[in-house]
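Below you'll find the structure, written out as structure tokens, and then a few comments.
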Amino acid sequence: MSTVYNWQLGRDAEFPYDAAYPDQQFAFVFNINRCIGCQSCTMACKSTWTFSKGQEYMWWNNVETKPYGGYPQHWDVKLLDLLEKHNPGGQKWNGEAKDVKAPYGQFKGQTIFEAALKNVSPEGAQKALGYLPTDEEWAAPNRFEDHPTGSEKSLKGKMGFDGGETLPQHKTWFFYLARICNHCTYPACLAACPRNAIYKRPEDGIVLVDQERCRGYRKCMEACPYKKTLYRGTTRTTEKCIACFPRVEGRDQAGGGLPMQTRCMAACVGHIRLQGLVQLNQDGTWKEDRYNPLYYLIHVAKVALPLYPQFGTEPNGYYIPPRWVPRPYLKQMFGPGVDNAIERYSNPDRELLAVLQLFGKDQRICSRYELKEGPKIFETEIRGQPFAMYNDTIIGYAKDGTKIIETTVEEPVHIRPDKHANSI
Ligand code: SF4
Ligand code: SF4
């Protein structure tokens, strides 16, 4: 084991290999508050990459309904249970949130790599604490869709509800969790592969499986805490999300040579997704890049949080947590930054409101944004605090400085002329 710095945990952590960071890192933000569970992302990925024989059960992108849904079933609960068994009562955070080196304080528990050191079986120690899901667990990927918890029916023993519920938290709730491979900084799939078939690209941090080297031992499936590598019976190898790397490289003709977001990001009907590339320091922390929208959302506004950071892989997928869900559930999933993130999202300042307009506006990757101030158009109170909305303009630029987005906070209304009122 080597010691690496994991900024999401605010401390050094164990990893089977020495630290090696790419020049820039593929990363994304999903705004759960906007996801409508339409599965357009899922089908965009499926129809691009996994429509062939042997790939029938594969969903590199999936959207599951939490808390009960999961692909494979109960993937997160099973791993949380394993970690708890290895470190009873110790999976806790403490300390104050600091700079980019420890934005959520410090994790005092054990990661999957640290717990594995004590998990020695007759075959030796695992590289990462994990388990291999059964075939049944991969089946029915959207089981429990739209299935809420905390139903008032069960509480009061009658049908229906006594009217609507109000924020901050609902008694009856569910939410959609859209997931792809997190192209982790410390990938457990890579760490566990006995064939060194998995590698992280130095140019963008995308994690890929070399199909020539893979022998289908499925150690990566056992180790990946997010269960995002999948076995293909027809080739006897493992496959996974490739982050649509030809698009990220700017090789999709539709982008005119500019880096483009992945298919699942571009197809998202709810405009919940924003994907890009972030610059890294030599220790793996993020280089200050104030007007890169991902840097802003994660390190300045701090509204987007990593998924299960305590697993220790430093995932590069971030989520704006849903406002209506009980906080203990969210803190277990996204760490201690939840209260702050929901507070900022519920009462956004004018910059955050403008940056949220960048989601889903263009397929090309936005590397930098600029704000132009506009007039005040609305004011009100949000739970006792004043709130003002300004019709600012936000402009997004691609890597080479090409302007790719220009939009206002107040979205324009288009009135369809009479002659097109009925399209038949
Ligand atoms: S999410 Fe899983 S498959 Fe993807 S890089 Fe991380 S450990 Fe590997
Ligand atoms: S396309 Fe977007 S809104 Fe629809 S399920 Fe996927 S992430 Fe959610």
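Among the residues of segment 26-77, those that are of a type in the set (Lys, Arg) and either open to solvent by less than 10 Å² (accessible area, probe 1.4 Å) or near ligand 2 (Cβ under 10 Å from one of its atoms) (or both) comprise Arg34, Lys66.
Confirm whether Ala243 is open to solvent by less than 20 Å² (accessible area, probe 1.4 Å), within 12 Å of ligand 1 (Cβ to nearest atom), of a type in the set (A, V, I, L, M) and under 16 Å from the mean Cα position of the chain (by Cα). Taking the combined requirement at face value, the residue satisfies it.
Hey, can you tell me all the residues within segment 6-36 that are among the charged types (D, E, K, R) and either more than 25 Å from Ile342 (Cβ to Cβ) or more than 17 Å from the chain's Cα centre (by Cα) (or both)?
Arg11, Asp12, Glu14, Asp18, Asp23 - these are the residues of segment 6-36 that are among the charged types (D, E, K, R) and either more than 25 Å from Ile342 (Cβ to Cβ) or more than 17 Å from the chain's Cα centre (by Cα) (or both).
Out of all the residues in segment 269-278, is one or more surrounded by fewer than 18 Cβ atoms within 10 Å (Cβ to Cβ) and either modelled with pLDDT of 95 or more or away from ligand 1 (no atom under 16 Å from the Cβ) (or both)? Yes, because at least one residue in segment 269-278 is surrounded by fewer than 18 Cβ atoms within 10 Å (Cβ to Cβ) and either modelled with pLDDT of 95 or more or away from ligand 1 (no atom under 16 Å from the Cβ) (or both).
On the stretch given as segment 98-136, residues that are open to solvent by 60 Å² or more (accessible area, probe 1.4 Å), of a type in the set (A, V, I, L, M) and part of a loop (DSSP other than H, G, I, E, B) total 2. The criterion of being near ligand 1 (Cβ under 9 Å from one of its atoms), at negative phi and either open to solvent by 10 Å² or more (accessible area, probe 1.4 Å) or in contact with a strand residue (DSSP E or B) (Cβ under 7 Å, 6 or more places away or on another chain) (or both) does not hold for Cys214. If you go through segment 188-240 and keep only what is within 25 Å of Ala115 (Cβ to Cβ), touching a residue at least 60 places away in the same chain (Cβ under 8 Å) and hydroxyl-bearing (Ser, Thr, Tyr), you end up with just Tyr226.
For Gln91, only one of the following conditions fails: (1) within 13 Å of ligand 2 (Cβ to nearest atom); (2) assigned to a loop (DSSP other than H, G, I, E, B); (3) within 20 Å of Leu9 (Cα to Cα). What is its number? Every condition holds for Gln91 apart from (1). Any residue in segment 97-111 that is over 30 Å from Thr238 (Cα atoms), in contact (Cβ under 8 Å) with a residue 12 or more places away in the chain and in contact with a His (Cβ under 6 Å, 6 or more places away or on another chain)? Yes, because at least one residue in segment 97-111 is over 30 Å from Thr238 (Cα atoms), in contact (Cβ under 8 Å) with a residue 12 or more places away in the chain and in contact with a His (Cβ under 6 Å, 6 or more places away or on another chain). When Tyr345, Tyr295 are checked against the criterion of being open to solvent by 10 Å² or more (accessible area, probe 1.4 Å), in a helix (DSSP H, G or I) and in contact (Cβ under 8 Å) with a residue 60 or more places away in the chain, Tyr345 stands alone in meeting it. Selection of segment 358-392 for residues being surrounded by fewer than 16 Cβ atoms within 10 Å (Cβ to Cβ), of a type in the set (Val, Ile, Thr) and under 29 Å from the mean Cα position of the chain (by Cα) yields only Ile382. Candidates are the residues of segment 226-240 that are more than 11 Å from ligand 1 (Cβ to nearest atom) and out of contact with any strand residue (DSSP E or B) (no Cβ under 6 Å at 6 or more places or on another chain); the one that is least open to solvent (accessible area, probe 1.4 Å) is Thr237. Condition check for Thr238 on (1) closer than 20 Å to Trp59 by Cβ; (2) outside any loop (DSSP other than H, G, I, E, B); (3) within 16 Å of ligand 2 (Cβ to nearest atom); (4) not acidic (Asp, Glu): one failure, at (3). Just one residue in the set Val355, Val325 is open to solvent by less than 40 Å² (accessible area, probe 1.4 Å) and assigned to a loop (DSSP other than H, G, I, E, B); that residue is Val325. With respect to the conditions (1) buried (at least 24 other Cβ atoms within 10 Å of the Cβ); (2) at pLDDT below 95, Cys220 lacks only one, and its number is (2). Mind checking whether some residue in segment 256-267 is in a loop (DSSP other than H, G, I, E, B), within 16 Å of ligand 2 (Cβ to nearest atom) and open to solvent by 20 Å² or more (accessible area, probe 1.4 Å)? Yes, segment 256-267 contains a residue that is in a loop (DSSP other than H, G, I, E, B), within 16 Å of ligand 2 (Cβ to nearest atom) and open to solvent by 20 Å² or more (accessible area, probe 1.4 Å).
In the set (1) touching a strand residue (DSSP E or B) at 6+ places or on another chain (Cβ under 8 Å); (2) open to solvent by 90 Å² or more (accessible area, probe 1.4 Å), Ile405 fails one condition alone, (2). Evaluation of Ala116 against the conditions (1) touching an Asp or Glu at 6+ places or on another chain (Cβ under 9 Å); (2) of a type outside the set (Ser, Thr, Tyr); (3) touching a residue at least 24 places away in the same chain (Cβ under 8 Å) shows that the sole unmet condition is (3).
The values are calculated or read from the model by the stated rules, or taken from the named source; none is laboratory data. Owing to the predicted nature of the structure, the values given are computational and were not obtained by experimental measurement. Please note: Cβ atoms are built from the backbone with ideal geometry, for glycine as well, and neighbour counts cover all protein chains shown. These accessible areas exclude ligands, DNA and RNA; they are computed on the full protein's heavy atoms, side chains included. Shrake-Rupley method; radii C 1.70, N 1.55, O 1.52, S 1.80 Å.
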